[in-house]
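Written below as structure tokens is the structure these notes are about.
The values are calculated or read from the model by the stated rules, or taken from the named source; none is laboratory data. Since the structure is predicted, the reported quantities are computational estimates derived from the model, not experimental observations. Glycine gets a Cβ as well: all are built from the backbone with ideal geometry, and neighbour counts include every protein chain shown.
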Amino acid sequence: MCGIVGLFLKDKTLEPELGSMLTDMLVTMTDRGPDSAGIAIYGAESAGAAKLTVQSDKPEEDFAALAADLGAAIEAQVTLQANDTHAILELDSTKVEQARQVVRDLRPGLRVMSAGAAIEIYKEVGLPKDVADRFNLSTMGGSHGIGHTRMATESAVTTEGAHPFNTGADQCLVHNGSLSNHNALRRKLKREGVRVESMNDTEVGAAYLTWKMQNGATLGEALESSLEDLDGFFTFVVGTKDGFGVVRDPIACKPAVMAETDQYVAFGSEYRALVNLPGIEDARVWEPEPATVYFWSH
Amino acid sequence: MQTYDVAENGLRGLNAALQAQSDETNQTSWEVQNPKGSHAIAVGLDAPIEVTVKGSTGYYCAGMNQQATIRVEGSVGPGVAENMMSGTVVVEGDASQYAGATGHGGLLVIKGNASSRCGISMKGIDIVVHGNIGHMSAFMAQAGNLVVCGDAGDALGDSLYEARLFVRGSVKSLGADCIEKEMRPEHIEILTDLLERAGSDAKPEEFKRYGSARQLYNFDVDNAAAY
């Protein structure tokens, strides 16, 4: 079991409330996933700039002077904004890939959570409420976001095993279910040169989507082919720079509920996660069909 | 009428109050407020009472019902009326997976659509769905009637025993050992009664009947691939 929540705002006046609405949804899903929680939030972009979200178990040590060290190494202006164990590095968008490599050398204990113009990913081990509180998720604004509460079945309870997973620039994946062919697929992806860092099944699913897209597939096409190549149970929710998508495996035993109004499109593993959204009483509420890819974008 | 606010007084208190009603109770009419998608609303009832749930519910609403009439003014999550023994459950909205699973008796009416595995392993319950049903519905269904006024998804009635399936619209595919069967006068009679009790104006003559070909009951080496 795991819990997924997602919120895509159509009404811009709700954007300052995104974090608080999503946090409420996330905390409601605590009993589906009490061991870790994470959130991907798509916030403000600055022209020509990109954001790297990094995480460290020793933030004071690793984040001190990181902006200056990284700036010197990639010869660009870098700013750092720390938030508990995470930090957002903002830099020239053409230098992102280089920075991604260099930070690992500069601070070996650092983990890159996400990269992109708008995306920020925060995830940690602990009760969803505690995770939300330590990052002040409820104060964040944005156009859309995805959250996940984890009950681990396939790998250890660690920060790396928590969701969301960054699959490409401004893209992320969360998963409810379990993949049964992830070991074989991990070996296959490794042969293709795709880096998979943990023993987690969802990370393999995320790496699979990244690999498909690197080979020319659109996200929609990559999701379609996942229905063929991934064995196991899954409800996936993917975030993109301008929207989000949903796909369930053909058996569709992992629950999913969607709600749409003029103001938003919302996703929840259960209806409970949606009950405090404005106007939910009159929303169109439905269950996404199995083996069908859904997308909403601005 | 008794009213109970789940948001204010909690779920355990609701089920304790409803389960405490006896055959002779004077408190025969209950209204449940603010269900807010909670799980296991009005489960394990065993008295001839009427319960109206004002909103949508989560998992296992009205499970194991006996005698009671439970009406949900909203949609329900997975496993509504699971293992119902008798009584009536009416859902005004949609139902999620495995509605009426393993039910032994009573009537389950879904005014909207039901998703996958509706009536899985049903053992005598009658289910009437005004809309469509999803894939693998009536899997291993043993007894009772499943009536679908809309369309059915893939693999309807896979490994079916003796439940009767009536579908008015299209069937995406039939499961192993499920076949279309002749609609005889006694079936029209059953259907007329169920549609009337479920508040549907669909005409019994518009339905097709599906049932078991009875080829998977006993081991047959020629069917080895199908087991």
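Being modelled with pLDDT of 95 or more, surrounded by fewer than 16 Cβ atoms within 10 Å (Cβ to Cβ) and in a helix (DSSP H, G or I), is that true of even one residue in region A:137-158? The answer is yes, given that some residue of region A:137-158 is modelled with pLDDT of 95 or more, surrounded by fewer than 16 Cβ atoms within 10 Å (Cβ to Cβ) and in a helix (DSSP H, G or I). Six or more apart or on different chains, Cβ under 9 Å: which pairs go from a residue in region A:285-297 that's over 24 Å from B:Gly55 (Cβ atoms) and at the interface with another protein chain (Cβ under 10 Å from one of its Cβ atoms) to one that's not in a loop (DSSP other than H, G, I, E, B) and not β-branched (Val, Ile, Thr)? Could you list them? Here the result reads A:Glu289/A:Arg248; A:Pro290/A:Arg248; A:Ala291/A:Leu227; A:Ala291/A:Arg248, each pair linking region A:285-297 to a residue that is not in a loop (DSSP other than H, G, I, E, B) and not β-branched (Val, Ile, Thr). Select from region A:213-229 the residues that are of a type outside the set (A, V, I, L, M) and either at pLDDT below 90 or closer than 20 Å to A:Ser297 by Cα (or both) and list them in ascending order. Correct list: A:Gln214, A:Thr218, A:Gly220, A:Glu221, A:Glu224. Checked against (1) under 21 Å from B:Asp5 (Cα atoms); (2) touching a Pro at 6+ places or on another chain (Cβ under 9 Å), B:Ser75 passes all but a single condition, namely (2).
Test A:Ala252 against the criterion of being at positive phi and within 14 Å of another protein chain (Cβ to nearest Cβ), and give yes or no.
Considered against the rule, which asks whether it is at positive phi and within 14 Å of another protein chain (Cβ to nearest Cβ), A:Ala252 comes out as yes.
Suppose we filter A:Glu281, A:Glu270 for residues that are within 14 Å of another protein chain (Cβ to nearest Cβ), at pLDDT 95 or above, within 27 Å of B:Ala40 (Cβ to Cβ) and out of contact with any Cys (no Cβ under 9 Å at 6 or more places or on another chain); which single one remains?
Working: A:Glu281 fails: at pLDDT 95 or above.
After applying the criteria, what remains is A:Glu270.
Considering region A:206-249, the residues that are among the small types (Gly, Ala, Ser) and closer than 30 Å to A:Ala44 by Cβ include one that is farthest from the other protein chains (Cβ to nearest Cβ), namely A:Ala207.
Within region B:138-153, not a single residue is touching a Leu at 6+ places or on another chain (Cβ under 7 Å), under 19 Å from B:Tyr210 (Cα atoms) and within 14 Å of another protein chain (Cβ to nearest Cβ). For region B:168-180, state whether one or more residues are on the phi < 0 side of the Ramachandran plot and basic (Lys, Arg). There is at least one residue in region B:168-180 that is on the phi < 0 side of the Ramachandran plot and basic (Lys, Arg).
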